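Structure first, then comments.
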Amino acid sequence: MNSQHPLWQNLFKPKGDRISEVTEMWMSTPLFEKIPAKECRELVKTMHPRHYKKGEKIFSSGEIGASVVLIRNGGVEIKAAEKLLAELNPADFFGEVALILDEPRTADAIATDDSELIFFLRSDLEEWVKRSPRSGAQFMLNIAIVLAARLRHTNILLSLQNS
Amino acid sequence: MMQLFFNHPLGRTITVFSLICVTILLLAALLSPLLVPIILSFALYALLEPLSEVLERHGLSRSTSSLSVLLILVSVAALVFSILLPHLAKQLSVLQTQLPDVWQSIMGMGNDISQRLFNFLGLDIKSTSITQHFFTQANEWGTAALIQGSNVLISLTVLLILVPIFTFFLVRDYHSFRNYMLDKLPNSNFEMGWLIYHRVAHQLQEYIRGILMQSGIMCIMTSIGFYIIGLDSPILLGATAGVLNLIPYIGPLLAMVLPILLALSNVPIELWLIGAAISVIVIAQLIDSTIVIPSVIANAVNLHPLIVIIGIIVFGNLFGFIGMVVATPTLASANIIYRGLYQGIKTRSDLTTQVVAEQ
């Protein structure tokens with residue numbers, strides 16, 4: 001996950017071009033590593049921006065997920081069994097497991113501020129993979145790397161707790 | 001009692017599902033004069049969308065690729081019609097000249113049967129009055145069909161103009177329109193709405209592509225079969241069998257009527273020709289069921305045959321031939337929407353119960 005301070009974003013990014021800004025945010029995440037910016041920009045046009053109020057639930061554990069979510073503005077906290085797992089800021093993303101598995105979400109996501117989130121749906125990913133198999137394969141590899149890194153991180157945490 | 005019904009996931013699912021059905025039915029009633037071109041355009045869209053995607057992949061804009069797809073569609077249709085129409089017109093006129101022979105043959109057969117029944121069993125069936133009644137009825141239907149003929153021509157012209165225009169706009173703008181509509185969903189139902197939409201759209205697209213391909217294959221197989229057995233108008237009969245094959249279960253039975261009638265037109269009646277005509281349809285159906293359906297349509301529609309048959313009869317009664325064709329995909333979509341809604345509402349209800357229990 002990648003965090004950027006909103007102040008710096010506002011200072012150095014051209015205002016009014018939402019597509020360019022979101023493209024840059026996605027390109028700065030490990031999910032879009034080695035993927036041409038032009039393709040990412042085309043993909044961003046198909047993504048879905050949604051607005052959430054402070055305290056509003058984005059999704060709950062047990063619900064079937066269908067997308068990975070990027071925070072454009074605001075903040076999100078991820079909780080499991082009332083335990084805080086992560087606090088996320090603009091340019092962070094979450095829920096990427098739903099791009100691979102048609103399974104229930106394993107944690108709750110709640111907006112900690114009025115937030116604008118960008119949803120990248122699994123159905124859009126599948127269409128993109130069909131259109132651009134080369135970049136699609138790279139994207140899948142990137143997801144695998146992210147998930148492996150998270151698994152490794154969890155394993156280390158568990159072994160630390162046990163010891 | 002009502003409170004209990006609306007609090008239960010099943011009750012809420014039924015309520016939401018009924019609301020969706022009523023909205024769709026109201027829309028269908030409102031758009032009833034345009035229902036046929038809209039359905040045909042959606043079918044063509046499902047068929048042509050992959051082609052538009054290929055063109056886009058090669059660097060064309062959405063508008064240019066949609067326009068190219070439209071041009072390809074019009075060119076192919078013009079080519080097919082220019083080759084097939086003269087043949088079909090010729091075969092139709094042949095059929096028209098043969099019809100009196102067909103009626104004559106049926107009348108002769110009726111007389112023959114009644115004579116035999118009288119000779120062997122002593123039953124006096126007035127075959128002349130039965131056939132006379134049949135001819136009067138057929139004559140009325142024929143007159144009605146002739147009167148409607150001009151209306152059909154007007155409808156066909158409207159279809160030929162509207163369908164390409166609708167298809168062009170569907171290929172160009174459907175995705176934007178879909179996103180606009182689905183983005184109106186509340187945050188809490190956004191992902192579930194997309195999931196259900198995607199499942200329905202995927203299954204429908206697979207079904208439409210499959211069934212159009214299946215219909216084409218059926219048309220070619222039966223045309224060849226009718227040509228081999230020496231039946232007149234093989235292309236016309238094959239095309240009819242292909243179109244009727246769009247109606248599951250009942251279509252193949254209807255497809256046998258015209259070839260049997262034509263086989264009956266031969267005087268004296270050649271029983272082997274009737275058998276051969278039925279065999280062509282049965283063999284084509286066997287190939288269709290064992291090879292074409294498993295490889296082309298697969299499990300696109302997972303419905304009980306009884307539900308499909310009842311659906312075809314009800315839809316046919318409500319919307320005519322087009323109703324019979326769209327019955328199966330409509331029922332399949334309703335099934336997916338209902339299941340998706342129930343799954344989503346039940347999960348949310350279980351989660352709420354869990355939270356209340358924990359508190």
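Can you check what the Kirkwood hydrodynamic radius comes to for segment B:188-348, Cα pairs only, in Å to one decimal?
On the way: mean 1/r = 0.0577 Å⁻¹.
When all Cα pairs of segment B:188-348 are included, the Kirkwood radius is 17.3 Å.
Run lengths n ≥ 4 of DSSP H only: what is the helix-derived mean residue ellipticity at 222 nm for chain A, with -39500 (n - 2.57) per run over all residues, to the nearest 500? It would help to have the intermediate numbers written out before the result.
Numbers: 5 runs with 65 residues, N = 163.
Result for chain A: -12500 deg cm²/dmol, rounded to the nearest 500.
Please label the shape of segment A:27-163 as rounded, prolate or oblate, based on the square roots a ≥ b ≥ c of the eigenvalues of the alpha-carbon gyration tensor (a/c under 1.5 means rounded; beyond that, a/b larger than b/c means prolate, else oblate). Each step should come with its number before you reach the end.
Values: a/c = 1.83, a/b = 1.25, b/c = 1.46.
Judged from the Cα gyration tensor, segment A:27-163 comes out oblate (a/c at least 1.5, b/c at or above a/b).
Within segment B:191-292, which chymotrypsin sites (Phe, Trp or Tyr not before Pro) sit in a loop by DSSP and count at most 14 neighbouring Cβ atoms inside 10 Å? Provide the component values of the computation, followed by the final result.
Details: sites: B:Trp194, B:Tyr197, B:Tyr207, B:Phe226, B:Tyr227, B:Tyr249, B:Trp272; in loops: B:Tyr249.
When the chymotrypsin sites (Phe, Trp or Tyr not before Pro) of segment B:191-292 are filtered for loop state and at most 14 Cβ neighbours within 10 Å, B:Tyr249 remain.
To the nearest whole number, what is the average tally of beta carbon atoms from other chains within 10 Å of the beta carbons of peptide A:44-50?
That average works out to 3.
Take chain A, connect every pair of alpha-carbon atoms lying under 10 Å apart with a spring to form a Gaussian network, then pick out the residue of A:Arg150, A:Arg41, A:Arg72 with the largest mean-square fluctuation.
A:Arg150
What are the GluC sites (Glu not before Pro) within segment A:78-109 that DSSP puts in a loop, where the Cβ has at most 10 other Cβ atoms within 10 Å?
Answer by residue number: A:Glu82.
List the pairs from A:Lys54/A:Lys83; A:Lys130/B:Lys346; A:Lys57/A:Lys130 whose alpha-carbon separation is above 21 Å, in the order I gave them. Kindly include the intermediate steps, with their values, before the conclusion.
Values: A:Lys54/A:Lys83 19 Å; A:Lys130/B:Lys346 33 Å; A:Lys57/A:Lys130 33 Å.
Long pairs (Cα-Cα over 21 Å): A:Lys130/B:Lys346; A:Lys57/A:Lys130.
If R0 is 56 Å, what FRET efficiency do you get for A:Asp102 and B:Ala89 from their C-beta distance, rounded to 0.05?
On the way: r = 52 Å, r/R0 = 0.93.
The pair A:Asp102/B:Ala89 has a calculated efficiency of 0.60.
What is the calculated FRET efficiency for B:Ser18 to B:Leu162, with r their C-beta to C-beta distance and R₀ = 30 Å, to the nearest 0.05? Intermediate results must be reported in sequence, preceding the final value.
Working: r = 32 Å, r/R0 = 1.05.
Between B:Ser18 and B:Leu162 the formula returns 0.40.
Taking a virtual spin label 7 Å from the Cα of B:Arg178 along the C-beta vector, which residues in segment A:108-138 bring their backbone nitrogen under 18 Å of it?
A:119-132
Before anything else, pin down the relative contact order of segment B:208-341: Cα pairs under 8 Å, at least 6 apart, normalised by residue count, whole percent. Before the final figure, lay out each step's value.
Values: 134 pairs, mean separation 29.9, N = 134.
So the answer I get is 22 percent.
With +1 on the Cβ of every Lys and Arg and -1 on the Cβ of every Asp and Glu, and nothing else charged, how large is the dipole of segment B:188-348 about its Cα centre, in debye rounded to the nearest 20? It would help to have the intermediate numbers written out before the result.
Details: 5 positive and 5 negative charges, 136 e Å.
Dipole of segment B:188-348, to the nearest 20 debye: 660 debye.
If a helix is a whole DSSP H run, which ones in chain A reach 20 Å or further along their own axis (Cα) and hold a mean Kyte-Doolittle hydropathy of at least -0.5?
Numbers: long enough: A:133-162 (43 Å, 0.46).
Taking the DSSP H segments of chain A (at least 20 Å long, mean hydropathy at least -0.5), we get A:133-162.
With each label point set 7 Å from Cα along the Cα-Cβ vector, what nm distance links A:Glu126 and A:Ser28?
Each label point lies 7 Å from its Cα, and together they span 3.2 nm.
We did not get these values from a lab; they are worked out from the coordinates using the rules stated. As the structure is a prediction and not an experimental result, all values here were calculated from the model. Note that we place each Cβ from the backbone using ideal geometry, even for glycine, and neighbour counts take in every protein chain shown.
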